[in-house]
Amino acid sequence: MSTRSGKKATHGADVNLRQVFDDFRKEIVDDFCALRDSVKYCSDTCNEVTRTNRDVQAMMKEIKELTASNRALKEENHRLRQRVEELDQYCRSNNLEVKGVPDHQYAQEMILKMSEILHESVTRDDIDVCHRVPSAKKNESNIIVRVVRREKRDSFLSEAKNVDHDN
């Protein structure tokens, strides 16, 4: 009897131990699978972060290049604006502006009459273009005269200034 109950006890312990071992093995396999999934997730996330970091570095490099290019373009734009202003000034260097002439008078005829009064010989051939431009006063507009030669403009202007000082 004791043999039988000993076998039963051993057999019961074997079954119980077997069950514990199987449960432990299943738990280890489950933990291993969870760990493997976690490592894969971390690896995938790390790869994604690495790609994102590489993309950010490429974008930072591009931003630096674009910033340098933008700075150079701004400097060039500034130089070109200055150059355009200088050229505009040069183009206007042969111009005269006459103020206070009533609108009803023909601009070129007024300039020719003024040259007679100033004793400064200005002919139609000396005038490249002559036209009115708006002014602040409603009944008057200024006259812009572009003369062919700057010397003619300077002498006309000098005579006009002398007349102003004499009066």
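Computed quantities for the displayed model
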quantity: Acute angle (nearest 10 degrees) that the helix 150-166 long axis makes with the longest principal axis of the chain, alpha-carbon atoms; calculated: 70 degrees
quantity: Residue 79/residue 105 FRET efficiency (R0 35 Å; Cβ-Cβ; nearest 0.05); calculated: 0.20
quantity: Cα-based Rg / Dmax (Å) for the stretch 34-167; calculated: 33.2, 107
quantity: Label-point separation, residue 36 to residue 144 (7 Å along Cα→Cβ), nm; calculated: 8.5 nm
quantity: In degrees, nearest ten, helix 2-91 long axis to first principal axis of the chain (Cα); calculated: 10 degrees
quantity: Pairwise FRET efficiency - residue 18 versus residue 43, Cβ, R0 = 30 Å, nearest 0.05; calculated: 0.25
quantity: For residue 142, distant residues with modelled amide H under 5 Å away; calculated: 133, 135
quantity: C-alpha center-to-center spacing [the stretch 62-98, the stretch 118-167] in angstrom; calculated: 30 Å
quantity: Trypsin sites (Lys or Arg not before Pro) restricted to DSSP loop in the stretch 76-114 with at most 13 other C-beta within 10 Å; calculated: 99
quantity: Choice from 144, 28, 127 with maximal GNM fluctuation in the chain (Cα, 10 Å cutoff); calculated: 28
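None of the figures in this text is laboratory data; all of them are computed from the coordinates on show. Because the structure is predicted, anything quoted here is derived from the model rather than measured. Counting neighbours? That spans all protein chains shown, and the Cβs are built from the backbone with ideal geometry, glycine included.
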